[in-house]
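Asks: Below is a structure I'd like to ask you about.
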Amino acid sequence: MKRTLLIALVASLAVSCGIVKYSFTGTSIQPDVKTITIPYVEYKALRVNPSLSNDMTEALQDKFRKLTSLEQVEMDGDLELVCEITGYDVKATAVTADELPAQNRLTVSVKAEFSNRKYPEDDVSKTFSAYEDFDATLSLDAVESSLCETIIEKIVEDIFNATVAQW
């Protein structure tokens with residue numbers, strides 16, 4: 001019991017002294033890092049989805065606003081997250097006995113460049129992908145909105161974890 005109390009006391013002192021800042025959201029952000037810049041997500045995929053860039057930008061900004069205490073600034077933030085949508089593809093994933101598609105998969109890929117101006121060793125450059133399957137009897141137009149919502153949620157979570165949660 002005393003050992004557990006001592007460990008908890010030392011850990012809380014380390015955090016309160018500013019050694020490392022941890023939060024209940026799982027982020028690991030140094031205390032002197034105060035701002036983040038998340039510019040508009042560029043769309044560079046061949047197949048067009050006119051609302052995806054805007055939806056991805058808003059989702060990223062919302063995630064960082066809700067789960068960190070970072071102030072979002074237009075430019076020159078301590079952290080900067082630059083993303084571009086590099087892939088937006090639909091492919092058949094299951095085929096019937098008649099060689100017709102039974103199921104299709106929508107895949108979205110996003111290249112993320114995360115820069116930490118104060119701690120460059122935390123920089124991340126990575127491509128994130130997520131997909132959702134849908135019945136081939138449905139048109140992409142009929143399911144695109146709900147599929148993209150789920151895919152964006154997955155990609156934003158992965159980007160957040162790889163950057164400030166450092167998982």
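Asks: So is residue 105 assigned to a loop (DSSP other than H, G, I, E, B), in contact with a Phe, Trp or Tyr (Cβ under 6 Å, 6 or more places away or on another chain) and not β-branched (Val, Ile, Thr) or not?
Replies: It is false that residue 105 is assigned to a loop (DSSP other than H, G, I, E, B), in contact with a Phe, Trp or Tyr (Cβ under 6 Å, 6 or more places away or on another chain) and not β-branched (Val, Ile, Thr).
Asks: Then there is this: Those residues that are under 13 Å from residue 108 (Cβ atoms), touching a strand residue (DSSP E or B) at 6+ places or on another chain (Cβ under 7 Å) and not in a strand (DSSP E or B), I need them from the stretch 36-74; list them, please.
Replies: Across the stretch 36-74, the qualifying residues are 41, 44, 45, 47, 49, 52, 53, 56.
Asks: Would you mind finding the one in 95, 82 that is aliphatic (A, V, I, L, M) and either touching a residue at least 12 places away in the same chain (Cβ under 8 Å) or touching a Cys at 6+ places or on another chain (Cβ under 7 Å) (or both)?
Replies: None of the others qualify; the one that does is 82.
Asks: Could you check how many residues of the stretch 125-144 are assigned to a helix (DSSP H, G or I) and more than 13 Å from residue 108 (Cβ to Cβ)?
Replies: Initially, the stretch 125-144 is screened for residues assigned to a helix (DSSP H, G or I), giving 140-144.
From what is left, the residues that are more than 13 Å from residue 108 (Cβ to Cβ) are 141-143.
Residues that pass the stated criteria total 3.
Every read-out reported here was derived from the displayed coordinates using simple, explicitly stated rules and does not represent laboratory data. Keep in mind that what you see is a predicted model, and the values were worked out from it rather than measured. Positions of Cβ are generated from backbone atoms using ideal geometry, with glycine treated the same way; all protein chains shown enter the neighbour counts.
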